[in-house]
Structures are given as C-alpha cells and as structure tokens.
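S.K.: Handing you a structure now.
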Amino acid sequence: MSEAVKNETAEKMVTLTIDGVQAAVPEGTVVVDAAKKVGIDIPVFCYHPKMEPVGMCRMCLVEIGRPMRDRATGELMLEEDGSPKIQFGPKLETGCTVPVSEGIVVRGYTEKVEEARKEVLEFLLTSHPLDCPICDKGGECPLQNLTMEFGPGTSRYLYGEKKNLAKHVPLGDLIFLDRERCIQCARCTRFQDEVVDDPVIGFFNRGRSLEIVTFSDPGFDSYWSGNTTDICPVGALTTADFRFGARPWEMRSAASICNQCSVGCNTTFNVRREHKTGGDFVIKRVMPRQNEQVNEIWICDKGRFTYHFTENKERLTAPMVCKDNAWVEVSWEEAYDLVASKIKTARTDFVTLAGGRLSNEDYFNLHHMTDHQGGKSLLYSEMAGGDLVAQVGVGRGTNFSEMGAGTVILVVASDLEEEAPLYWLRVKQAAERGATLIVANPRATKLDRRADIKINYEYGNEAAVVLAMLNSVSPKRPDLPDAVSELTRVKAIKDAAKAFAEAENAVVLFGSEGIGLEASEILAQSCANLLVATGHIGRPNNGLLAVWDKGNAQGAWDMGFRPSPTLAADLAAEVVYVAGADPAGDDTDLEKALRKANFIVVQDLFLTETAKLADVILPAQAFTEREGTYTNAERRVQRFYSSIPAISGPKPDFGITAEIAERLPLALEKKIASRVMLRIAEWVAAYDGMSYQNLSQVEEQWPVIGRSDVYYGGTSYDNRQGLGVQLASGAERDELVPLNFVQPSESEKPASGLWAVPVTRLYDNGDLISMSKVLRPRLPEPFVVLHPKDAQTLDLEEGQQVRVRLEDDAARKVVVKFDQTIPEGVVLVPRSMGMAIRTPRAITIQP
C-alpha cells in the first residue's frame, strides 16, 4: 500500500479474518500487508511494501470470501449461529492488489492456493538456472526459499528447452545483470521509476526473450542503483564490489551510520575473515538498515560504496615527528608529550580546526582541550546556522514520512539530490502525498519536477527571496533593500508566502548552492525569521533544517565548534591542531596560511597535503573500527558500532585528545566512548539525559523488514541496534527565540565578465570517495558549467578542455559542460573538484 493511502486512512479501521486470525488494519491496506501485520506470511515476488502493487508474479494468490448481502435490503445475510454468510469466488485473487474490506475472510494456505503457488514456481523455473550452490544470491534468495517451501520437487519441462540468455552483463560500472536469473518481477524498474524518479532501466523484447536493459549513458546512471540488488528476489542483479565475494552465512553484521552527508543513513556492514588478507576481518558490503524516520530502507550509492578508504593500505599507523625535514616514527608517549608542551607554550595562540566527519565524542574532547587553553575551536565548513538550527530546528517527532496535505516544504539554495540524496527522496515523497513543495534556486534541479511553486532568483539573492516571503506575511519593514522590495512583487513569491503562512506545518531546508559562509549565515537567519514569524517552530514537522556540507556538522556546532570567516588569518597561529580536515589540499590560500604557523599537529587517517606540512602526525582510527555517535541535520543523535577490529597503531580521536589534555593538565575520558557521551549529557543542555542505552532503543517499524523474510521487503536489515534520539529544539525547551533581522549582502558580481559560484556534486574528487574501487570510474574529471550563450561568446564546444583561473589562483585545466537553465554570466564550479572555491569569485576561461 502506498504511503499516501496509509496516512489518509489511519483513523478508519477495517476488520477481517486471515487464516482464522482476526485482524484490524487501516482501510486501504492490501491483503498481503494485512496478513503481515498479524504475523502471517503470504509469499510474493513482484510486490514490495514501498511500491505500488502490480500483480505480475501471481505468487500471492489467495482465496477471498466476502460477506453476502441481501440484494433487496442490502443487509448482511447471517448463518444460523448469527455470523455473516461468506461467499468465496470461483477464482483465486492476488493478495497484493486487493484492498481489505469489512468482514472479508482470507485463506492463504488451502490446497487450492498451495497448488497454484506450486504451478507459479514451476513456470518461473522453466528457464531459471538451477545452480543455487554457485549463485551469488544463495542463502538470501526468495526464489530459493519459496521453492523449498512451496515449489514442486521435480520439473515437467525438458532441460534442453530452457531459454539461454546472456550472463555477467554490466548494466553500468556498479551493477551486473544475469539475464538467465531474472524472473521479470519489475521490482528494479519500478523502483527506479516510481521511487527515485530515475527510469534509466526497463524491459526490452517480449515473452521468454524479455530482458532488462539500460537506457542511459553511462549505463545505469543513477545514484540509487545499489538498492535494486537489495530488492531483487533472485540473483539477477549484483554489485560490482560484492558479487561472488562471500556467502551470507559466512559474514557477521555490524550496525553503523553513514557519514557521507548530513542525513545519517542507518547501515549494516557485512564482514568476515579472509585468507587473502592474512586472516584479518574485511568489509564485504554495506547494506541499508531500516530506520523509517531517517532513510527508511534505502541508501545512495555513495554511502554504499565509499567504505573502501577504511581498508586502504596507505593508512597512517604510527605517530610521526618531522625531524631534519624527514618523518621519524615515535612512540605515542613521545608524541603526546611534544604536542602538549607546544600547546602549553602557545597558551591562547592556539587553534583547532576540525573536519565535519568526527564523532560527537571527538568534538567534545577536542573543544574542551582547546577551551581549557583559551584557544579557538574552528569547524572546517562553509555553512553557518547551526546555532539557529538548535533553536528552531525541526521538532521532536518530525518524520518526513508523515508529511502530506497541510504541510509546506520550502527548499532554498540547495540541489537536494546532490547535497543529501535521502532528503531529496523523502521531500519528493512528501510532495507526492500532497505536501506543497516550494523550490527556490537559481537554476533547475531534479526536485523541480515535484515542485508546486518554483522561484528562480539570481545567485546572491537567496536570502532576499526568503525576506520577501517574510515581508508578505508580516508587518512591512520600511528599510527593505531594493532587491527585496522588487522581489515582493513577484507572483511566485507571493504565492509561496501565502501557502507558507496558511500551512498547518512548515519545514525549511537550506543548502549551500552558490554561497559562502557569510551568505549562508544571512540565509539561515532569514529562514529562521520566516519560521518564527509564521509560528512554525517548537513542534513536530515544523522548523529549520540545514542541508550540511559535512556529515556531522550539526554535532560539531552542538559541541562548540564554529566556522570562521577569517580562516586563513586564524590558521597563522602559534600552534594549529587539525583533525580530520585537509585545508592545504583544498585551498592554496589556506596552505600559505598554514605555512605561517609555528607548529602544526595533524590527526588523520592518511598523509594528506596538510599532514605533509605538519610537525607531528597522529594516526586516527576509522569510524568502522570504533564506536561513537553522530547528530544528523534533523538533530537525531545516532550510535554507530565497531565493525572490524582496529588496525595496529591508530587510536580513536577522542582518546588521542584526552591523552594530550591530561598533560595540560585536563581530565577527559580517553578509553570508552559511552563515558564521553555521559560527559556531553552533563555539559550540553540539549543532550541532557543522553546515553548509549537510550540511543540503542528500538521499536516496531512498518513495513516489517527482516532477514528472516527476504522476499517481502528485500535483503535490507531490520534495526535491532538503535533508532537514535531526536533532540528538543530551544523553542521546545521554552527558550526565547528572538527575531534578528539582517540585511542581505549586496552581490559582488561584476557588471561584465564571468562570475564563478560554488556548487555541490555528490560524486566529487574528494580523497575518500576517490579511494573507492568501484566508484572511481564514475567520478568526473574536473569541469565547469556554463550557459550555452556564454560558451558561444567564448567559441567553446561542450566537452572541450579549457584553462580556468579563479581571480589570482593558478590556472587549471577543466572540461566545459553546458546548462541552459543557469543564468548567463555565471559559471558553476563544483566543490572538491580540484578548484579552490569557497565563495563566489570572478573567473576567466580560455581555450
């Protein structure tokens, strides 16, 4: 049953009987789901609870009896004992397409039904390879399991008449297809079309020659392709990194949280020991773990395939000190002593710069050590507003799955699928359920397809658009800038303001499209003002959500870190401590600033460009080797667990910091992450009462997904390790949330020439994703995007290599792409693609 139907009919219940068990389910529920709710399994192949039913495979055939009514009076006809007379139809019906009705009786295991299931399986196996012992799906295969339970023991079909089709067909770089194993259930094609709006695969030919093909170039060009292997009920679709790599029963599972973006998708690592690694544990694959309030049962391909960096042989394994321009391995004690002595000497001229993927425990210890010395705790990010999100963020109990009619969602300055794919998916689904979607962006994005109101503005006017909406619904301000005054007359903005003000619930998501830190701060404040003025704060499904550029940026803000508008100047300090960031590798200006620092400490996994400048390098453990917590953009704190034993040498970030702090002296927890969380609960008001115990609590979720029943929901893991805890916002804690009006900054765009703006791409050239063996072919070479008219003026062709220069930076070679939806005179420059762009800047392009 669709999410829309479930939400609309939640109050009206229908009573029916399934195999002697009485059930009460919401009106509109299909028979298969009704049975599942009372613990009765009706086998399926084509049906999936997250997609609309199609009734293709016929595996769910059941007998359905309906109460008889008198044709003249319409009254129920009764048996002698007073129970309704039930009339069963002459034919079996598909349980996945029939919605329940009052009083019906379902028989799912009669002789007639079981004979039909046996025949369905016999047909499916006519040309299906009977090679389960070598099939990649063996051990978690719905066809295998259901054949054993319901299928015939022998086949009446001749082996020589089997249809032979191509095997090991690459649909793309990530997914392989075995056409012989495909049973044409259409789960994969429907998922790509219905769920993620990427219809890049489909059926070709007819009858026994029907096969899956890809329509895109490159093949299977979608951020969601890996999910098709989870829901495929046979071994037809396999991932490039796992296929024929291990058996399900050989692996153990470990719960984790993806930190590639700010959604915080729940995942499961499958690991095992291998001979080729000398008996060490290795990660074999990443699977989704169900959390209906976060990622449901889906993950994007970046989250699925980027884990390879944790096993890279280039990992740092021992502390090192630079002596006579050469790296010398030293003991941990010597490294701790040296760093602590330098920090003591520096006193307040001490800066820590933390990346966005550390855990909350790491941030807490690092900030307390820095604060103890009177230093600065800086976050390596170009987005602001974490303090505002803590004040007016979405309320506890917020769930995009519950949003529909009566909810307005405003997405501003964000290409949402590129910045946080699961938020794109959940916002899209909310729009399909009836939520009013307002998309404000300077160029077209994929989310526009579902938008009710589209607002296109010039780059630099993102805050002006939000203030114009605010001015339409609140008392007029006489000191409005000209840019805002002009926008208040735009019909789309008036319509958006009216819809937002009248909405029962409203959520604002703001991103980093085309803006730097200063503009981000103004945009965040403008969005907060709009929510406060319209009363959409302090309750579920209302509030502010930042589409962060880093996985745990909100956790960093909560622990006391802040981005700096004068980062280059700040880095020219006596002692600079860099943890999980590579500013020198990203920006030559920051590299120059670091060279002015007297002493640099780098805490990381790899010998980055920043690490090469360091005086001391401290090797840190990967998140797969330890436990901790992340706080996602909805301020849901979630726990991740150790998946594999840590390699010899590195230590957890919070433990390294605590050892150094002990020598300052400052007592911090250095061994057990859960104890750091208890300290966080004492020091950070929003985390009051937080512990690993309540983060590990679970509750029943719908649909019921589990490894014991892989044919119903696929091979995603059920959640037994914790759904996380959503923090209360300041508004919910009755803290005063004042309006703070800020003026949008004037655009620095020159009257002539080209203006480069930073944008985010999911597949960039960052260090971690570049280490993925399977994603590497999908990573683009450095490129910029121009309007075709600008390219024509410069006499450029699409795909041509050019030299670009951002103001005074060195020239770089990139490829030119065209997009006619972007404003003329603007050049899109992707972040983490070899060009240092943190704010909009002038750019020159030459062939």
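S.K.: Note the full-extension length gain between T15 and S708 as 0.36 nm times their separation in residues minus their Cα-Cα distance, in nm to one decimal. The partial results should precede the final answer.
M.R.: Details: separation 693, 0.36 × 693 = 249.48 nm, distance 2.71 nm.
Here the segment from T15 to S708 would lengthen by 246.8 nm.
S.K.: Taking mean projected area of the Cα convex hull in nm² straight from the coordinates, which label in (i) 50.0; (ii) 40.7; (iii) 45.3 is the correct one?
M.R.: Recomputing mean projected area of the Cα convex hull in nm² here gives the entry labelled (ii).
S.K.: Loop only per DSSP, at most 14 neighbouring Cβ atoms within 10 Å: give me the trypsin sites (Lys or Arg not before Pro) in region 323-383, ordered by residue number.
M.R.: In loop regions of region 323-383 (DSSP not H, G, I, E or B), the sparsely surrounded trypsin sites (Lys or Arg not before Pro) are R347.
S.K.: Using the Cα gyration tensor of region 681-769, with a ≥ b ≥ c the square roots of its eigenvalues, what is the shape: rounded (a/c below 1.5), prolate (a/b larger than b/c) or oblate (neither)?
M.R.: Numbers: a/c = 2.98, a/b = 1.42, b/c = 2.10.
Note, shape of region 681-769 comes out oblate.
S.K.: Going by alpha carbons, how many degrees (0 to 90, nearest 10) lie between the helix axis of 517-534 and the longest principal axis of the chain?
M.R.: Long axis of 517-534 versus the principal axis of the chain: about 50 degrees.
S.K.: Defining a contact as two alpha carbons under 8 Å apart and six or more residues distant in sequence, what relative contact order in percent does region 1-132 show?
M.R.: Details: 224 pairs, mean separation 38.2, N = 132.
Across region 1-132, relative contact order equals 29 percent.
S.K.: Could you work out how far helix 360-373 tilts from the main Cα principal axis of the chain, as a 0 to 90 degree angle to the nearest 10?
M.R.: Result, in degrees: 20.
S.K.: Okay, moving on. At 1.4 Å probe radius, can you tell me the per residue accessible area of region 649-722 in Å²? Before the final figure, lay out the partial values.
M.R.: Details: 3310 Å² over 74 residues.
So region 649-722 comes to 45 Å² accessible per residue, rounded to a whole number.
S.K.: Same structure, new question: Using a/c under 1.5 as the rounded threshold, could you call region 533-675 rounded, prolate or oblate? The axes a ≥ b ≥ c are square roots of the C-alpha gyration tensor eigenvalues, and prolate needs a/b larger than b/c, oblate otherwise. If you can, show how the numbers build up before the last one.
M.R.: Numbers: a/c = 1.94, a/b = 1.25, b/c = 1.55.
Because a/c hits 1.5 or more and a/b fails to exceed b/c, region 533-675 counts as oblate.
S.K.: Using the crude model of +1 on Lys and Arg Cβ and -1 on Asp and Glu Cβ, and no other charge, please compute the dipole size for the chain relative to its Cα centre, in debye to 20.
M.R.: On the way: 94 positive and 118 negative charges, 256 e Å.
I would put it at about 1220 debye.
S.K.: So, with a 1.4 angstrom probe, what is the percent of accessible area on region 419-516 that is carbon and sulfur? Can you show the working numbers first?
M.R.: Values: 1550 of 3420 Å².
Answer for region 419-516 is 45 percent, counting heavy atoms of protein chains only.
S.K.: Between E274 and N325, 0.36 nm times their residue separation minus their Cα-Cα distance comes to what? Walk me through the numbers before you get to the answer.
M.R.: Working: separation 51, 0.36 × 51 = 18.36 nm, distance 3.90 nm.
Gain on extension, E274 to N325, equals 14.5 nm.
S.K.: Kindly report the accessible area of region 239-328 per residue (heavy atoms of protein chains, probe 1.4 Å, no ligands, DNA or RNA), in Å². All intermediate terms of the calculation are to be shown ahead of the outcome.
M.R.: Working: 3250 Å² over 90 residues.
Per-residue accessible area for region 239-328 comes out at 36 Å².
S.K.: Could you order D808, D587, D452, D387 by accessible surface area, starting with the largest, using a probe radius of 1.4 Å?
M.R.: Output order, biggest surface exposure first: D808, D452, D387, D587.
S.K.: Run the dipole for region 692-790 about the Cα centre, Lys and Arg Cβ at +1, Asp and Glu Cβ at -1, nothing else charged, and hand back the magnitude in debye, nearest 20. Intermediate results must be reported in sequence, preceding the final value.
M.R.: On the way: 9 positive and 13 negative charges, 111 e Å.
Its charge dipole is roughly 540 debye.
S.K.: How much mean residue ellipticity at 222 nm does the chain get from its helices, if each DSSP H run of length 4 or more adds -39500 (n - 2.57) and you divide by all residues, to the nearest 500 deg cm²/dmol? Provide the component values of the computation, followed by the final result.
M.R.: Working: 27 runs with 217 residues, N = 847.
About -7000 deg cm²/dmol.
S.K.: Tell me the per residue accessible area of region 507-608 using a 1.4 Å probe; a whole number in Å² is fine. Numbers along the way, then the final one.
M.R.: Numbers: 2630 Å² over 102 residues.
It amounts to 26 Å² per residue over region 507-608.
S.K.: Same structure again: Quote the relative contact order of the chain in percent (integer), defining contacts as alpha-carbon pairs under 8 Å separated by 6+ residues. Let's see the in-between values first.
M.R.: Details: 1883 pairs, mean separation 108.1, N = 847.
Taking the mean separation of contacting Cα pairs over the length of the chain, I get 13 percent.
S.K.: Quick one: angle between helix 653-662 and the longest Cα principal axis of the chain, in degrees between 0 and 90, rounded to 10, please.
M.R.: Taking Cα atoms only, the helix is inclined about 40 degrees.
S.K.: Another question, if that's okay. What accessible area, in Å² to the nearest ten, does a 1.4 Å probe give for R58?
M.R.: Here the residue's solvent-accessible area equals roughly 110 Å².
S.K.: What order do S772, S745 take when sorted by accessible area (1.4 Å probe), most exposed first? Intermediate values should be presented prior to the final figure.
M.R.: Details: S772 0, S745 55 Å².
From most exposed to least exposed: S745, S772.
S.K.: Okay, moving on. I'd like the accessible area for C300: 1.4 Å probe, protein heavy atoms, all chains in place, Å² to the nearest 10.
M.R.: For C300, the solvent-accessible surface is approximately 20 Å².
S.K.: To the nearest 20 Debye, how big is the dipole of region 116-221 about its Cα centre, given +1 on the beta carbon of each Lys and Arg and -1 on that of each Asp and Glu?
M.R.: Values: 13 positive and 17 negative charges, 132 e Å.
Approximately 640 debye in magnitude.
S.K.: Taking a cut-off of 19 Å between Cα atoms, list the lysines near K817, but don't count ones fewer than 8 places away on the same chain.
M.R.: K817 reaches K446, K789.
S.K.: For L531, what accessible surface area do you get with a 1.4 Å probe? Give it in Å², rounded to 10.
M.R.: The value for L531 is about 0 Å².
S.K.: Which value in nm describes the separation of the simple spin-label points at N399 and V54, placed 7 Å from the Cα toward the beta carbon?
M.R.: 2.8 nm
S.K.: How much of the accessible area of region 172-230, in percent, comes from carbon and sulfur atoms when a 1.4 Å probe is used? Walk me through the numbers before you get to the answer.
M.R.: Values: 990 of 2080 Å².
After summing per-atom areas, the C and S share lands at 48 percent.
S.K.: Something else now. Beyond a 19 Å Cα-Cα separation, which of these cross-linked pairs lie in this structure: K37/K118; K137/K284; K37/K85; K323/K612; K342/K651; K592/K813?
M.R.: Details: K37/K118 25 Å; K137/K284 14 Å; K37/K85 25 Å; K323/K612 13 Å; K342/K651 21 Å; K592/K813 22 Å.
Pairs exceeding 19 Å: K37/K118; K37/K85; K342/K651; K592/K813.
The values are calculated or read from the model by the stated rules, or taken from the named source; none is laboratory data. Since the model is a prediction, treat every value here as computed from it, not as a measurement. Glycine gets a Cβ as well: all are built from the backbone with ideal geometry, and neighbour counts include every protein chain shown. To get the accessible areas, we keep the full protein, side chains included, count just its heavy atoms, and leave off ligands, DNA and RNA. Shrake-Rupley method; radii C 1.70, N 1.55, O 1.52, S 1.80 Å.
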